[in-house]
Amino acid sequence: MAATNNVGALPVVDLAPFLATGDDEGGVARASATGAVRKVCREYGFFRVVNHGVPAELMARVLELLAAFFALPDEEKAKVRPNEYLLAFDPQLGFNLYPDEPSGFKEALEELYGKLTELGVLIQEILNECMGLPPGYLKEYNGDRSFDFMAALRYFPATAEENSGISEHEDGNCITFVLQDGVGGLEVLKDGAWVPADPVEGSIVVNIGDVIQVLSNGEMKSATHRVVRKPAAHRHSLAFFFTVHGNKWVEPLPEYTEKVGKAPRYRRFLYSEYQLLRMRNMTHPPSRPEDVVHITHYAI
């Protein structure tokens with residue numbers, strides 16, 4: 001069993017160089033920051049970004065509104081979802097349902113959705129550079145935002161018998177952003193130990209998902225993570241999943257295989273097929289842990 005490393009801390013990446021106007025000094029800072037992202041994606045798969053362009057006041061406001069929403073009577077929450085989570089899709093698709101209370105919930109959530117979409121586009125652009133791909137390659141490959149979504153969650157306090165919030169897993173998408181309140185509980189597995197991703201005001205936790213791991217032929221890491229519930233406290237968090245369209249084929253890119261003389265470590269697969277297999281993990285949990293489908297299902 002992996003131990004918990006309370007000393008470790010998530011790497012921090014400053015995105016200010018990518019948001020600044022271009023000059024020679026800015027170019028040097030951008031190159032340095034790109035190298036930092038490349039390093040943490042290869043070694044960690046999890047990192048914290050600051051100066052990311054998403055207003056800290058907006059993030060704090062949404063977390064406050066989520067806490068207020070989840071504190072509503074059950075009959076009010078049931079108008080939107082019967083469970084202790086809420087899904088939100090691109091507002092332009094018209095899928096989302098919102099409660100009447102708390103006031104401002106819809107507007108704040110949709111504003112945050114737009115800001116995190118912009119951040120996803122920026123991180124994808126940075127990854128494109130980190131991966132040595134032709135300019136705009138990932139933007140062209142993954143320009144359809146209709147499969148992205150946000151999940152707002154409320155975790156109940158731990159009990160004496162059980163404290164698991166979400167069991168250890170990897171994300172199946174491209175990039176995930178996590179906002180969390182001050183309770184904590186998010187942990188990432190690094191070198192056999194669980195490292196707490198403690199809340200830091202104004203920052204956003206970023207993790208690389210399975211799609212990027214496969215495109216990079218395993219060079220970039222889709223990190224294993226979990227949520228451990230704390231006693232006597234509800235935890236509120238929000239995750240934004242920046243993903244690819246279901247009809248996209250996913251396979252190691254030539255820049256990581258034939259162009260560098262390496263064999264592909266994964267076979268080609270349709271993204272929607274993988275998502276269905278992952279969904280089946282939840283709807284029909286296998287009796288044996290080894291039968292749970294991970295990205296290794298496509299390993300060669």
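Over the chain, accessible surface divided per residue gives 49 Å², non-protein components excluded, 1.4 Å probe. Accessible surface of the chain, 1.4 Å probe: 54 percent of it comes from carbon and sulfur atoms. Under the convention that each Lys and Arg Cβ holds +1 and each Asp and Glu Cβ holds -1, the size of the dipole of the chain around its Cα centre is about 820 debye.
As a length-normalised measure over Cα pairs under 8 Å and 6 or more apart, the relative contact order of the chain settles at 21 percent.
Using heavy atoms of the protein chains and a probe of 1.4 Å, the accessible area assigned to Cys174 is about 10 Å².
Give me the net charge of His294's neighbourhood, meaning all other residues with Cβ under 13 Å from the Cβ of His294; Lys, Arg count +1, Asp, Glu -1. Taking every other residue near His294 into account, the sum is -4. Shape verdict for region 12-246, please, from the Cα gyration tensor: rounded (a/c under 1.5), prolate (a/b greater than b/c) or oblate. Verdict is prolate for region 12-246. Projecting the Cα atoms of Leu10, Ile204, Val62 onto the dipole axis of the chain, where Lys and Arg carry +1 and Asp and Glu carry -1 at the beta carbon, places Leu10 farthest toward the positive end.
Quick one: check the C-alpha center-to-center distance for region 207-223 versus region 134-182, whole angstrom. When both Cα centres are located, 14 Å separates them. Helical content of the chain, expressed as a calculated mean residue ellipticity at 222 nm, amounts to -9500 deg cm²/dmol (DSSP H runs of 4 or more residues, -39,500 (n - 2.57) each, divided by residue number, nearest 500). Counting trypsin sites (Lys or Arg not before Pro) as exposed when in a DSSP loop with at most 14 other beta carbons within 10 Å, what is the longest stretch of the chain free of them? The longest such stretch corresponds to 80-261. A DSSP coil position with no more than 15 other Cβ atoms inside 10 Å describes none of the GluC sites (Glu not before Pro) in region 163-195. For the chain, the number of Lys pairs separated by eight or more positions or lying on different chains, with C-alpha atoms closer than 16 Å, is 7. Reducing region 44-71 and region 234-293 to their Cα centroids gives an inter-centroid distance of 26 Å.
Between Val292 and Leu277, the simple spin-label model (points 7 angstrom out along Cα→Cβ) gives 1.5 nm.
The values are calculated or read from the model by the stated rules, or taken from the named source; none is laboratory data. Bear in mind the structure is a predicted one, so any value in this text is a computation, not a measurement. Virtual Cβ from ideal backbone geometry, glycine too; neighbours counted across all protein chains shown. SASA here: full protein model, heavy atoms, side chains in, ligands and nucleic acids out. Shrake-Rupley method; radii C 1.70, N 1.55, O 1.52, S 1.80 Å.
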